[in-house]
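Trainee: Starting off with a structure, shown below.
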Amino acid sequence: MRFLKLRRPGWLAGIALAAGAGVMLCLVNSCSTTDRTVVVPLQIEGATFVGDKVCADCHAEITRVFPASPHARLTIDNGGTPGQYGCESCHGPASKHVAMGGRGGLDKFIINPGKDPQACFQCHLEVEAEFNLPQHHPVPEGKMNCVQCHDPHGMDIMKPAGGLALSRLNETCAQCHREQTKPVIYEHPAMREGCTTCHNPHGSINPELLVARDSNLCLRCHAQIPGPGANGRIFIGHRDHTSSLSFGTCWTSGCHTAVHGSNVHPVLLY
């Protein structure tokens, strides 16, 4: 029986080349390659797309302000494809909805992102991923919806210039989190920048939807510097915190427990 003899250097080079090509192929076709994502138009059984002008007949107030919404500025390749832009890209084909007129049962033949976030997740894939993190607002569970915090149509003239972000920052959060957003005598300056300075509203791996764990969150703003003479002493805000750092986070160590603001002490004590 004859065996095929391979020269070792050439054989190893061939394996290395094949492995390299395999890695490149995996990277190019990775599930995280966002520019290869295919968004399929929303479907309602038996319904067809009718276009934005038909929607305007009944929803004049919404279509009047909609051009101010970032959703209205959405442009894609082959934008002439039905259901890829405008009202029906979020609400699905509307022919059956239109045919019902004012006869009731309209909700059966239209997709309402206010009740089902899957319409939003069609495009906002990274947000859907965040809602699958251990700590998240109960949107997937159906106890909240996207439009409670976001303005999809552009009707809120007070929203930030950035677009669809939280319509009124702290005011939006205050609808549910009243204790944390109530007026106080000594406010936490971070509250002026908005709740999202410390919290990720969609989801986080940290408790309370925090963007960072333990005292690392506070140290993003409150610089930690060595004490005079480099004696190992740590100062934060011109105060010696060396002994306090071992007690836990800034708000659980019995110190700055009123992290959202205090009525009794300027360093946020209850």
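Trainee: How many residues does the range 249-270 contain that are at pLDDT 85 or above, open to solvent by 50 Å² or more (accessible area, probe 1.4 Å) and within 19 Å of Gln224 (Cβ to Cβ)?
Mentor: 1
Trainee: Of the residues that sit in the range 232-248 and are over 17 Å from Asn216 (Cα atoms) and assigned to a loop (DSSP other than H, G, I, E, B), which one is most open to solvent (accessible area, probe 1.4 Å)?
Mentor: By that ranking, first place goes to His238.
Trainee: Take the range 107-151 and flag every residue that is surrounded by fewer than 15 Cβ atoms within 10 Å (Cβ to Cβ), assigned to a helix (DSSP H, G or I) and not polar (S, T, N, Q).
Mentor: Within the range 107-151, Asp107, Lys108, Leu125, Glu126, Ala129 meet the criteria.
Trainee: Scanning the range 168-211 for residues that are of a type in the set (Gly, Ala, Ser) and in contact with a helix residue (DSSP H, G or I) (Cβ under 7 Å, 6 or more places away or on another chain), which turns out farthest from Pro152 (Cα to Cα)? Don't jump to the end; show me each part of the working.
Mentor: Filtering the range 168-211 for residues of a type in the set (Gly, Ala, Ser) gives 174, 190, 194, 203-204.
This time we only want the ones that are in contact with a helix residue (DSSP H, G or I) (Cβ under 7 Å, 6 or more places away or on another chain), so: 174, 190, 194, 203.
Working: Ala174: 20, Ala190: 27, Gly194: 20, Gly203: 20 Å.
Restricting to residues being of a type in the set (Gly, Ala, Ser) and in contact with a helix residue (DSSP H, G or I) (Cβ under 7 Å, 6 or more places away or on another chain), the top hit is Ala190.
Trainee: Residue by residue through the range 208-228, note down the ones that are outside any loop (DSSP other than H, G, I, E, B) and open to solvent by 70 Å² or more (accessible area, probe 1.4 Å).
Mentor: Answer for the range 208-228, where residues must be outside any loop (DSSP other than H, G, I, E, B) and open to solvent by 70 Å² or more (accessible area, probe 1.4 Å): Glu208, Asn216, Arg220, Gln224, Ile225, Pro226, Pro228.
The values are calculated or read from the model by the stated rules, or taken from the named source; none is laboratory data. Bear in mind that the values here come from a model prediction, so they are computed numbers and not experimental data. Glycine gets a Cβ as well: all are built from the backbone with ideal geometry, and neighbour counts include every protein chain shown. Keep in mind that these areas ignore ligands, DNA and RNA; they rest on the heavy atoms of the full protein, side chains included. Shrake-Rupley method; radii C 1.70, N 1.55, O 1.52, S 1.80 Å.
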